[in-house]
Amino acid sequence: MICCERERNVYMDLKRQNYFSGAPMELVDGYSRMVQTGPFLFCGGTTSVQPDGSMVAEGDSYGQVKYVLEKLIKIIEKAGGTKEDVYSVKIYATPKFDVKEGLLAYSEFFKDVKPLLNCITIQKLTRPAQLVEIEMNAIAGCSKGLKWEGISMERTNYLSGLSIEEEVGYSRMVKIGPFIYLGGLSSELLDGTVYGKDDACIQSKYIYRKQFQWLAKAGAAPEDIVKVKKYITEKNMRTWRNSKDLEDLPRKSAVFSSAIVEKLRHPDAMVQTEIFAIEGCGKNKIRESWGNIDFRKEPGKTQNHGWADIVKTGPFLYGGTMRSLDEEGVVVGIGDSERQESYVVKSFTDLMNEMGFKPEEMVKFKAYYTADFDSLYGETETPFYERIYKPVKPLYTGVYVSRVGTKSEIFEMEMMAVKGCANE
């Protein structure tokens, strides 16, 4: 069995290529616009700022979305992908964003493709004139019968029946080979009302039950969940934190991250949840459909709330929300953004090392800041990210939210790495 497992993981074609858009801060701060590892294309958060620092379509939601999508699709095409290979689009929007106009621009590109789409309202972006920041993910060739490492990467879109899905052009779930991506799901019903109105706990449990049903349609079970991402509005945060999630959730073998946002699409929605799963990865048996790769999950340390800090599945490593708390639960670097950021980035680096990963295999960070993050950045020493990751240039998406953790916390982060992608 050991020999078989080694053979399954030795031939993976995950060569890495970093792509840049020409924005000066990419080289100054040390991050990429897109990272390619094999057929997997990950685009970091992108706004309508041009390489010369000027902005396109100031105050124009339609114009900014159109510009950013065109920009990201062009980069995906450079890597051999097409817009038909895009499986996920995430829009972080400010309160001034015109959702109707922005989604009109989105539909012009993706109405027939129907990737996942999630539009989240956050507190702000770096400049007041910026209305949106967009992330995008694709698997090059998945729209054309891709075969990768002996795996049939056939794509299937799943819709729930909500009329807006057809009108705008997005799916509720996308399955590509064994990979299952469940888009942001609230407790909105087909008639437009929200189940569990005014109760975040009821909404959360309803969402999980629905997502388990979706997973079953794709041939997966709750134990196959790798990552759970939850968005919740600030006014309902306490209600949700005092609630208990379903017992069926595989906490010890999955990672969890959350973000406190300004609002969700439906005014009565308090909670929205995304799930990533790999069919069969929660079981002990290797599947023939996995081709050359062993996707059985290997969780790292478990956090005090029961979820794993980090989980490896095949060549992929996922880290849930990491906060600037020491082993005693005390906030590190109170009032100092740089210290909190460096503490979190180093903590992830240490966990990666324990799982057999190198910094050069880091693909993306996603950070959540409070509004005063920039003004509290001390730079008393060279930041850990700059010393270790600036040469690597992973994706680095930063999102300003209402709050993170306790009132003394300024920063939290999640991550992803890919084994074997480092350019030697």
**Fill in**
For G59, the lone unmet condition from (1) in a loop (DSSP other than H, G, I, E, B); (2) touching a residue at least 60 places away in the same chain (Cβ under 8 Å); (3) surrounded by 18 or more Cβ atoms within 10 Å (Cβ to Cβ) is (3)
**Message:** Residues to consider are S347, S324; find the one that is surrounded by 19 or more Cβ atoms within 10 Å (Cβ to Cβ) and without any contact (Cβ under 8 Å) to a residue 40 or more places away in the chain.
**Reply:** S347
**Asked** Restricting the search to segment 310-327, which residues are modelled with pLDDT of 95 or more and of a type in the set (D, E, K, R)?
**Response** K312
**In segment 95-149, residue nearest to S163 (Cα to Cα) [restricted to those that are surrounded by fewer than 22 Cβ atoms within 10 Å (Cβ to Cβ) and among the hydroxyl-bearing types (S, T, Y)]** = S107
**Condition met for V363 (of a type in the set (A, V, I, L, M, F, W, C), touching a Cys at 6+ places or on another chain (Cβ under 9 Å) and under 17 Å from V255 (Cβ atoms))** = yes
**Item:** Condition met for D372 (closer than 27 Å to C119 by Cα and surrounded by fewer than 17 Cβ atoms within 10 Å (Cβ to Cβ))
**Value:** yes
**Request:** Take segment 13-30 and flag every residue that is of a type in the set (A, V, I, L, M, F, W, C) and either surrounded by fewer than 15 Cβ atoms within 10 Å (Cβ to Cβ) or under 20 Å from the mean Cα position of the chain (by Cα) (or both).
**Result:** L14, F20, M25, L27, V28
**Prompt:** How many of the residues making up segment 206-234 are basic (K, R) and crowded, with 19+ Cβ neighbours inside 10 Å?
**Reply:** 3
**Prompt:** Do we have I310 as more than 22 Å from V255 (Cα to Cα) and either within 21 Å of the chain's Cα centre (by Cα) or of a type outside the set (G, A, S) (or both) here?
**Reply:** no
**Request:** Report yes if G63 is at positive phi and modelled with pLDDT of 95 or more, otherwise no.
**Result:** no
**Request:** Taking S107 as the residue in question, decide whether it is closer than 20 Å to Y231 by Cα and among the polar types (S, T, N, Q).
**Result:** no
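Condition check ((1) charged (D, E, K, R); (2) free of Cβ contacts under 8 Å to residues at least 60 places away in the same chain; (3) in contact with a Pro (Cβ under 6 Å, 6 or more places away or on another chain); (4) within 29 Å of I151 (Cα to Cα)) across all residues:
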{"site": "S337", "(1), (2), (3), (4)": "no, no, no, no"}
{"site": "N353", "(1), (2), (3), (4)": "no, yes, no, yes"}
{"site": "G356", "(1), (2), (3), (4)": "no, no, no, yes"}
{"site": "F373", "(1), (2), (3), (4)": "no, yes, no, no"}
{"site": "E386", "(1), (2), (3), (4)": "yes, no, no, no"}
{"site": "C421", "(1), (2), (3), (4)": "no, no, no, yes"}
**Prompt:** Here is a list of conditions, (1) touching a strand residue (DSSP E or B) at 6+ places or on another chain (Cβ under 6 Å); (2) under 15 Å from G280 (Cα atoms); (3) of a type outside the set (D, E, K, R), and F212 meets all of them except one; can you say which number that is?
**Reply:** (1)
**Item:** Positions within segment 156-166 being touching a residue at least 12 places away in the same chain (Cβ under 8 Å) and either crowded, with 21+ Cβ neighbours inside 10 Å or more than 16 Å from N137 (Cα to Cα) (or both), in sequence order
**Value:** Y158, L159, S160, G161, L162, E165
**Asked** Looking at (1) among the small types (G, A, S); (2) at pLDDT 90 or above; (3) within 20 Å of the chain's Cα centre (by Cα), which is the one condition that is false for G405?
**Response** (2)
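Any residue at all in segment 363-379 that's on the phi < 0 side of the Ramachandran plot, of a type in the set (D, E), modelled with pLDDT under 90 and not assigned by TED's automatic domain parsing to the domain that holds F20?
Scanning segment 363-379, I find at least one residue that is on the phi < 0 side of the Ramachandran plot, of a type in the set (D, E), modelled with pLDDT under 90 and not assigned by TED's automatic domain parsing to the domain that holds F20, so the answer is yes.
The values are calculated or read from the model by the stated rules, or taken from the named source; none is laboratory data. Note that the structure is predicted; figures quoted are calculated from it, not measured. Cβ: placed from backbone, ideal geometry, glycine included. Neighbour counts: every protein chain shown.
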